[in-house]
Amino acid sequence: MRVRFAPSPTGQLHVGNARTALFNWLLARGGSGGVFILRIEDTDAERSTRESEAAMAEDLRWLGLDWDEGPDIGGPHGPYRQSERLHLYQSYAQELLSAGNAYYCFCSPGQLEADRQAALSEGRPVKYAGTCRQLSAVQVAGRLTAGEHAAIRFRVPERDAVVFTDLVRGEVRFAIDVIGDPVVLRADGTPAYNFAVVVDDALMEVTHAIRGEDHLSNTPRQILLYDALGFTPPQFAHLALVMGPDHSPLSKRHGATSVAEFRTRGYLPEAMVNYLALIGWSPRGDAADSSSGDDSELVPIDQLARRFSLDRVGHSPGVFDEEKLAWVNRHYLKTADPARIAELSVPFFVEAGIPMAPDDVGIRFLTAAMAMVTSSVDRLSQVPARLAFLFDYDAERTLTDEQLRREMSSEGARAVAVALAEELAGAPRLDRERFRAVASQVKARTGQKARALFHPIRLALTGRPEGPELDLAVPALDLGADLPTHAGIPPIAGSRERAAAFAAAL
RNA sequence: GUCCCCAUCGUCCAGAGGCCCAGGACGUGGCCCUUUCAAGGCCAAAACACGGGUUCGAAUCCCGUUGGGGACGCCA
């Protein structure tokens, strides 16, 4: 099986396209000997950029979708950029021409547009009127030598219909008379999309063309082209599109739409992949796994590759649901290696204004601290706020808060803060056990318990009314307080210093 | 306008004629756990678009309507 992902490098990798890429990749990796090809469709020189191509490649790699043949690594059927294959398209266009399956078209863009509008307003099917179809060889030669620019159009053959079997939709039929003669080569010698795909898919020996549903109505045109060129068409599979919450195509006004944006929002690639697979496909109900009773929707990529199949892909458009993505992300955040999460969260700290350039010692500290946040956070971008209490502590500032000041104004709360400071004065750094011991000392001395005990302690030591469990937060503070400066982490005040400062500020 | 595709809870899916007065997941609501916010556990509400057929029997098959999406480019 040879499949391909063929983006046009005109911007960011859209999540809808990422899903198409994923489905192709899963199929290639699921069986044995599958080949996944990356082809760049850059025939639109105006809009295509190398920057975009590089960005898309990076996004694919980030997702974990590697390719076996592509512009950067080559392969037996290269080149893999359409802009570098122009000679191929030209020679196949000549072949069509000499076989009488194509003809020169001198119609001006203005003329074509006028025809279109006329057809539209008269309620006729919109397709090429066939103006240049019957031009004689002499006429053509004359106009060509006169220097007129001409495109080359494919001559759609006389037939009833084009019928093909779509792997996800079943039999699809198009009457021939709705298909106008498509341009094969533009006047500037570059190929039109429908022609380039056919030549490329044939030459690259693509066996399955798996793409978005927006290409469904292009398919009959392409099949006709395969026939005229003497190629065997691949199998086709058209995937329903990904929509926004209002069922219109997912676009910027719905929020993030590109893989890169989701990455900068702090989603993990494995979450993105798992979630994308869940739009239009489900791990439930396939025979292999219903027996094992495993119907969890949390399926890592290698399992996806094993279980994915086209015949279980849905037919209707799916709404992209960021809430569910977040849920999937939470799962992977919790199960991922904390060291990796620590590593990945560094740029998010910087982004949040907490300078962070950790060395090995710093990373070890962050890694230890990760344990108390990954279970309560949706995305990496929320990690800094959750850990800000470590690096950003100011007793005075905390007590400026109206609400918190009031909470600390009670007899009991003050007593707790004072007792805490006294217990901690001169005390060694706290680990979990020592913190518990201190807490019960304070409890014994003040008679406060539960919330009345721990809330003032939290305020005093973290400066915030909420946050991770104190059992974890306090030892982290004191671990951080002794960090060497080379660790690359902002200075952290220890519990002893905080308790003293807080009591003083009361 | 013409052609093509699609149609189960708010959302993503399961359901391939009786197992379905429809099942799971996300989200939502409630309860529990709890030193806070989360997380976690449990429970609940929530759908077969509509109308005709076919059949002993339809969410499942057929037709139509409606609704949504796509295409109709010398964009891809």
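When A:Arg186 is tested against (1) of a type outside the set (S, T, N, Q); (2) under 34 Å from the mean Cα position of the chain (by Cα); (3) within 23 Å of A:Glu205 (Cα to Cα), only condition (3) is not met. Return the residue satisfying two criteria in turn: it lies in region A:93-122 and is within 19 Å of A:Ile152 (Cβ to Cβ) and of a type in the set (Asp, Glu), and of such residues it is modelled with the lowest pLDDT. This residue is A:Asp115. Based on this model, can you work out whether A:Ala473 counts as outside any loop (DSSP other than H, G, I, E, B), within 25 Å of A:Arg386 (Cα to Cα) and under 44 Å from the mean Cα position of the chain (by Cα)? Yes: the conditions hold for A:Ala473.
Being within 15 Å of RNA strand B (Cβ to nearest atom), at pLDDT below 95 and either closer than 18 Å to A:Leu241 by Cβ or surrounded by fewer than 18 Cβ atoms within 10 Å (Cβ to Cβ) (or both) is the filter here; which residues of region A:17-48 pass it? Once the filter is applied, which keeps residues that are within 15 Å of RNA strand B (Cβ to nearest atom), at pLDDT below 95 and either closer than 18 Å to A:Leu241 by Cβ or surrounded by fewer than 18 Cβ atoms within 10 Å (Cβ to Cβ) (or both), region A:17-48 yields A:Asp44, A:Ala45, A:Glu46, A:Arg47. The residues in region A:159-184 that are near RNA strand B (Cβ under 9 Å from one of its atoms) and farther than 16 Å from A:Leu224 by Cα can be counted, and the count is 4. Scanning region A:198-210 for residues that are surrounded by fewer than 22 Cβ atoms within 10 Å (Cβ to Cβ) and either under 22 Å from A:Asp311 (Cα atoms) or among the small types (Gly, Ala, Ser) (or both) yields A:Ala202, A:Thr207, A:His208.
In region A:148-200, counting only strands (runs of 3 or more DSSP E) that sit wholly within it, the ones holding 2 or more residues that are in contact with a Cys (Cβ under 8 Å, 6 or more places away or on another chain) span A:151-154.
Tell me whether region A:126-137 contains one or more residues that are surrounded by 12 or more Cβ atoms within 10 Å (Cβ to Cβ), under 41 Å from the mean Cα position of the chain (by Cα), of a type in the set (D, E, K, R) and in a strand (DSSP E or B). No, every residue in region A:126-137 fails to be surrounded by 12 or more Cβ atoms within 10 Å (Cβ to Cβ), under 41 Å from the mean Cα position of the chain (by Cα), of a type in the set (D, E, K, R) and in a strand (DSSP E or B). Quick one: count up the residues across region A:429-447 that are of a type in the set (S, T, N, Q) and surrounded by fewer than 14 Cβ atoms within 10 Å (Cβ to Cβ). Residues meeting the conditions: 1.
This table checks each residue for (1) away from RNA strand B (no atom under 12 Å from the Cβ); (2) touching a residue at least 40 places away in the same chain (Cβ under 8 Å); (3) in contact with a Ser or Thr (Cβ under 9 Å, 6 or more places away or on another chain).
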site	(1), (2), (3)
A:Leu430	yes, yes, yes
A:Gly447	yes, no, no
A:Glu469	no, yes, no
A:Ala473	no, yes, yes
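Taken across region A:441-451, residues that are aliphatic (A, V, I, L, M), more than 48 Å from the chain's Cα centre (by Cα) and part of a helix (DSSP H, G or I) do occur, with at least one present. Taken over region A:61-111, the criterion of being surrounded by 21 or more Cβ atoms within 10 Å (Cβ to Cβ), touching a residue at least 40 places away in the same chain (Cβ under 8 Å) and within 21 Å of A:Gly33 (Cβ to Cβ) is satisfied by A:Leu65, A:Trp67, A:Tyr80.
Could you check how many residues of region A:338-384 are at negative phi, more than 16 Å from RNA strand B (Cβ to nearest atom) and not in a helix (DSSP H, G or I)? Looking only at that region, the number is 7. Looking only at region A:260-294, residues that are closer than 30 Å to A:Thr165 by Cα and either within 14 Å of the chain's Cα centre (by Cα) or at pLDDT below 90 (or both) come to 15 in all. Within region A:55-74, can you find the residues that are more than 18 Å from A:Thr10 (Cα to Cα) and of a type in the set (A, V, I, L, M, F, W, C)? A:Trp62, A:Leu63, A:Leu65, A:Trp67, A:Ile73, listed by residue number. Confirm whether A:Arg307 is touching an Asp or Glu at 6+ places or on another chain (Cβ under 8 Å) and within 11 Å of RNA strand B (Cβ to nearest atom). Considered against the rule, which asks whether it is touching an Asp or Glu at 6+ places or on another chain (Cβ under 8 Å) and within 11 Å of RNA strand B (Cβ to nearest atom), A:Arg307 comes out as no.
Just name the residue that is farthest from RNA strand B (Cβ to nearest atom) out of those in region A:146-158 that are touching a residue at least 24 places away in the same chain (Cβ under 8 Å) and surrounded by fewer than 16 Cβ atoms within 10 Å (Cβ to Cβ). Checked region A:146-158; the qualifying residue farthest from RNA strand B (Cβ to nearest atom) is A:Pro157.
The values are calculated or read from the model by the stated rules, or taken from the named source; none is laboratory data. What you are looking at is a predicted structure, and each value in this text was computed from that prediction instead of being measured. So basically every Cβ, Gly included, is an ideal-geometry build from the backbone, and we count neighbours across all protein chains shown.
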